[in-house]
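The values are calculated or read from the model by the stated rules, or taken from the named source; none is laboratory data. On a predicted model such as this, the values are computed, not experimentally measured, just so you know. Reconstructed Cβ throughout: ideal geometry from the backbone, glycine too, with neighbour counts over all protein chains shown.
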Amino acid sequence: MEAFQSWVSEHKLTSIGALWATAVGGSLAYTRTKTPLKPSLRLIHARMHAQALTLAVLSSAAIYHYYEKKQGENNAAAASGATNSLPN
């Protein structure tokens with residue numbers, strides 16, 4: 001899992017693009033079997049679904065990054081506090 005997280009961290013735009021393309025494909029496949037829409041309307045709906053999913057993933061990534069950064073700052077503060085409390 002850590003290897004996957006590091007790869008996604010290094011290739012953010014590729015990950016988001018792949019997610020978006022997968023969402024468009026999945027939405028097109030779903031709407032093709034469930035609704036009798038014209039192909040142009042299917043494509044519009046698929047794009048909207050993919051954009052909503054992308055926004056959700058970007059929001060989640062921002063929240064994750066915020067808490068990861070905050071955790072790193074807390075760890076650094078705790079480590080510097082521990083080294084400062086040592087007797088001279």
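Among the candidates Leu37, Leu55, Leu43, Leu86, which residue alone is surrounded by 10 or more Cβ atoms within 10 Å (Cβ to Cβ) and at pLDDT below 85? Even if it seems obvious, please write down each step before you answer.
Numbers: Leu55 fails: at pLDDT below 85; Leu43 fails: at pLDDT below 85; Leu86 fails: surrounded by 10 or more Cβ atoms within 10 Å (Cβ to Cβ).
After ruling out the rest, the residue left standing is Leu37.
Kindly establish whether Tyr67 is under 16 Å from the mean Cα position of the chain (by Cα) and part of a helix (DSSP H, G or I). Quick ask: steps written out before the conclusion?
Values: under 16 Å from the mean Cα position of the chain (by Cα): yes; part of a helix (DSSP H, G or I): yes.
So Tyr67 fits the description; yes.
Examine segment 3-19 for a residue that is at pLDDT 85 or above and either among the hydrophobic types (A, V, I, L, M, F, W, C) or more than 23 Å from the chain's Cα centre (by Cα) (or both), and state whether such a residue exists.
yes
Ile44: in the same structural domain as Ala56 (by the TED database) and under 22 Å from Leu58 (Cβ atoms), yes or no? Please lay out each step first, then the result.
Details: in the same structural domain as Ala56 (by the TED database): yes; under 22 Å from Leu58 (Cβ atoms): yes.
So Ile44 passes the test.
Within segment 14-32, can one find any residue that is loosely packed, with under 10 Cβ neighbours inside 10 Å and either outside any loop (DSSP other than H, G, I, E, B) or touching a Phe, Trp or Tyr at 6+ places or on another chain (Cβ under 7 Å) (or both)? Lay out the reasoning, then the answer.
Of the residues in segment 14-32, the ones loosely packed, with under 10 Cβ neighbours inside 10 Å are none.
No - not one qualifying residue is present in segment 14-32.
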